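A.B. asks: Pasting a structure below so you can have a look.
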Amino acid sequence: MKKRVGFALAALLVAAVALSGCSVGGSTGAASDLPRPERDPSVDMSRLSAELNVFTWTEYLPQSIIREFERVYNVRVNYDTYSSNEEMHAKLKAGASGYDIIIPEIYMIKVLRREGLLEELDHANIPNLKNIDDRFRGLDHDPELRYSVPYVWGTTGIVINTEKISPDQMTSWADLWNPEFQGRLVVPDDAREMIGIALRTEGYGVNTTDPDALARAKEKLKALKPNVKAFNSDSPKDLLLGGEVWGGVVWSGEAALVMRESDAFQFILPPEGVTMWVDNVAIPKDAPHKYTAEVFINFLLDPLVSARISAEYPYGNPNKAAMPYISAEDLA
């Protein structure tokens, strides 16, 4: 999932800064103080459909943003969810039709492209594409952004409740296997992510295809199972804040949400290494409302809209034009 070492390292450092409460953008005001988005004059209203069908993660597109799109363009947004990239892929591959928007990770974009399951984007309908930071262009999954547009990025680390787990008890990926944490952890329902963590603890690279390494990772994950209370990629924060688990493997944005709610939590970037990921907006093949989907993507890339998204879901933001509107409070 790392495509460029320098870029991945820079992203990791920015993620660490954001989570520590330091400002990334130039604004100090709340996103609620920002002007409401207005209709893009380039949009042909006569071509818009009455509805748009979105298929994505549970906590990824703020309802406030969806309502704003509905207000501005008079389009009803129908929202369906999946809990993993694999679930989304299986549904599309099985012939599920009717979806207009999906938000896969980089590796899944490559799979969907190879299988012919994505529509090519008409850049003429997405003028705000110019707002994407150059660091997110030229990546090998879609170098010209012909099939996908970067939406958010982040890292995967460990969150602990310091009232239950002291920081010196959880300093590395290997500490997840500590028998003291039996039935106390949450991990993502993401085979690729968890295999990568197991490989790191065994001293292998996350992209290895060596059969012996993968066999060892499989056994390693079996040994972790007693410590896992829940597999949850969508909203592990509810389990953490509710006290059902003491810690676990979470996305950086989810970690930020947890730490907003309670000072008891700490986010750890294990020294064995972490993976940077990028999730991208795309349009499934044969989407019934392709033009409206492109207008929706353009709407998400509006600087004011993008800043509001960061305020609600504080992942890394690839939209350079949104940076002046994103405050330390929004990203911390």
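The values are calculated or read from the model by the stated rules, or taken from the named source; none is laboratory data. Quantities reported herein were computed from a predicted structural model and do not represent experimental measurements. For neighbour counting, all protein chains shown are included, and Cβ atoms are generated from backbone atoms with ideal geometry for every residue, glycine included.
A.B. asks: Would you pick out the residues in region 226-253 that are without any contact (Cβ under 8 Å) to a residue 40 or more places away in the chain and crowded, with 20+ Cβ neighbours inside 10 Å?
C.D. replies: Of everything in region 226-253, just one residue is without any contact (Cβ under 8 Å) to a residue 40 or more places away in the chain and crowded, with 20+ Cβ neighbours inside 10 Å, namely LYS237.
Residue by residue, here is whether (1) at pLDDT 95 or above; (2) in a loop (DSSP other than H, G, I, E, B); (3) aromatic (Phe, Trp, Tyr); (4) more than 24 Å from HIS89 (Cβ to Cβ) holds:
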residue: LYS222; (1), (2), (3), (4): yes, no, no, yes
residue: ALA230; (1), (2), (3), (4): yes, no, no, no
residue: GLY243; (1), (2), (3), (4): yes, yes, no, yes
residue: GLU254; (1), (2), (3), (4): no, no, no, no
residue: LEU257; (1), (2), (3), (4): no, no, no, yes
residue: PRO288; (1), (2), (3), (4): yes, yes, no, no
residue: ALA293; (1), (2), (3), (4): yes, no, no, no
residue: GLU329; (1), (2), (3), (4): no, no, no, yes
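A.B. asks: Have a look at LEU112, LEU176 and point out the one that is in the same structural domain as LEU269 (by TED's automatic domain parsing), modelled with pLDDT of 95 or more and assigned to a helix (DSSP H, G or I). I'd like the intermediate steps shown before the answer.
C.D. replies: Working: LEU112 fails: in the same structural domain as LEU269 (by TED's automatic domain parsing).
Going through LEU112, LEU176 in turn, just one is in the same structural domain as LEU269 (by TED's automatic domain parsing), modelled with pLDDT of 95 or more and assigned to a helix (DSSP H, G or I): LEU176.
A.B. asks: Condition check: in the same structural domain as GLU38 (by TED's automatic domain parsing) and without any contact (Cβ under 8 Å) to a residue 40 or more places away in the chain. Does LEU118 satisfy that? Lay out the reasoning, then the answer.
C.D. replies: Values: in the same structural domain as GLU38 (by TED's automatic domain parsing): yes; without any contact (Cβ under 8 Å) to a residue 40 or more places away in the chain: no.
Spelling it out, it is not the case that LEU118 is in the same structural domain as GLU38 (by TED's automatic domain parsing) and without any contact (Cβ under 8 Å) to a residue 40 or more places away in the chain.
A.B. asks: Here is a further query. HIS141 passes all but one of (1) of a type outside the set (A, V, I, L, M, F, W, C); (2) over 26 Å from THR275 (Cβ atoms); (3) touching a helix residue (DSSP H, G or I) at 6+ places or on another chain (Cβ under 9 Å); which number fails?
C.D. replies: Just one mismatch for HIS141, condition (2).
A.B. asks: Just the residues that are in a loop (DSSP other than H, G, I, E, B), more than 13 Å from ASN125 (Cβ to Cβ) and of a type in the set (A, V, I, L, M, F, W, C), please, taken from region 39-56.
C.D. replies: Matches in region 39-56: ALA50 only.
A.B. asks: Report yes if some residue within region 260-267 is under 20 Å from the mean Cα position of the chain (by Cα) and closer than 22 Å to GLN169 by Cα; otherwise report no.
C.D. replies: Yes, that holds for at least one residue.
A.B. asks: What number of residues within region 280-315 satisfy the criterion of being of a type outside the set (S, T, N, Q), closer than 17 Å to SER252 by Cα and crowded, with 24+ Cβ neighbours inside 10 Å? Give the steps one after another, and end with the answer.
C.D. replies: Here is the first cut: in region 280-315, the residues of a type outside the set (S, T, N, Q) are 281-291, 293-297, 299-305, 307-309, 311-315.
Filter once more, so that each one left must be closer than 17 Å to SER252 by Cα: 309, 311-315.
Cutting the leftovers down to crowded, with 24+ Cβ neighbours inside 10 Å gives us 309, 314-315.
Qualifying residue count, region 280-315: 3.
A.B. asks: Considering only region 65-77, state which residues are outside any loop (DSSP other than H, G, I, E, B) and surrounded by 14 or more Cβ atoms within 10 Å (Cβ to Cβ). Working first, answer last.
C.D. replies: Residues of region 65-77 outside any loop (DSSP other than H, G, I, E, B): 65-73, 76-77.
Those that are outside any loop (DSSP other than H, G, I, E, B) and surrounded by 14 or more Cβ atoms within 10 Å (Cβ to Cβ): ILE65, ILE66, GLU68, PHE69, GLU70, VAL72, TYR73, VAL77.
A.B. asks: What's the total number of residues in region 258-279 that are surrounded by fewer than 16 Cβ atoms within 10 Å (Cβ to Cβ) and β-branched (Val, Ile, Thr)?
C.D. replies: Residues that pass the stated criteria total 0.
A.B. asks: So, one more: Name the one entry in ALA191, ALA124 that is loosely packed, with under 15 Cβ neighbours inside 10 Å, among the aliphatic types (A, V, I, L, M) and more than 21 Å from LYS237 (Cα to Cα).
C.D. replies: Every option except ALA124 fails the conditions.
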